[in-house]
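Down below is the structure, laid out as structure tokens.
The values are calculated or read from the model by the stated rules, or taken from the named source; none is laboratory data. Note that this is a predicted model, so its numbers are computed, not measured. Neighbour counts are summed over all protein chains in view; Cβ atoms, including those assigned to glycine, are modelled from backbone coordinates with ideal geometry. These area figures cover heavy atoms from the full protein model, side chains too; ligands, DNA and RNA do not enter into them. Shrake-Rupley method; radii C 1.70, N 1.55, O 1.52, S 1.80 Å.
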Amino acid sequence: MKYKVTLNNRVYEVEVEEGQAMLIDEYESVAPVSVSYQSAALAPSAAAAPAAAPAAAPAQTQPAIASGEVIKSPMPGNILKINVTQGQHVEEGDVLLVLEAMKMENEVVANKAGTVAQIVVSKGAVVETGSALVVIA
């Protein structure tokens, strides 16, 4: 039987045969995945892993966000380059930063003209979809 189990925002596709489990595929989950267990064999191991998840949550605290237009991350990835500084004037379409996702560099652009009120992330930071990146006033 095949199961998909989500642990710490990673989805594991598991195949169970005669009491032996084998990992088939592993990938990151963008949205929470509902898991239903058809076999009691997986339930204990899946229940034990989430206990470690709360320890990691406090490390990703979001700083206070300034007022203005918040530019959010369109996808999960790593911040490779920040092209603006706080207080800098930007025009609509200017490249604010470069986000690496799946080995591709993606430019995040200003959606309006204004002044950079806050840069929420730093170079090398790992962001999730919807994370605040830059605030334009």
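Below is a table of values for the structure above.
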{"item": "Residue list for the stretch 67-111, filter: open to solvent by 70 Å² or more (accessible area, probe 1.4 Å) and closer than 17 Å to residue 135 by Cβ", "result": "67, 69, 72, 74, 85, 86, 89, 91, 92, 111"}
{"item": "Flag for residue 92 being of a type in the set (D, E, K, R), in a loop (DSSP other than H, G, I, E, B), out of contact with any His (no Cβ under 9 Å at 6 or more places or on another chain) and in contact (Cβ under 8 Å) with a residue 12 or more places away in the chain", "result": "yes"}
{"item": "Qualifying residues in the stretch 112-132 (those that are over 16 Å from residue 67 (Cβ atoms) and open to solvent by less than 30 Å² (accessible area, probe 1.4 Å)) - the one nearest to the chain's Cα centre (by Cα)", "result": "127"}
{"item": "Some residue of the stretch 44-58 being more than 30 Å from residue 15 (Cα to Cα), at pLDDT below 90 and out of contact with any Cys (no Cβ under 9 Å at 6 or more places or on another chain)", "result": "yes"}
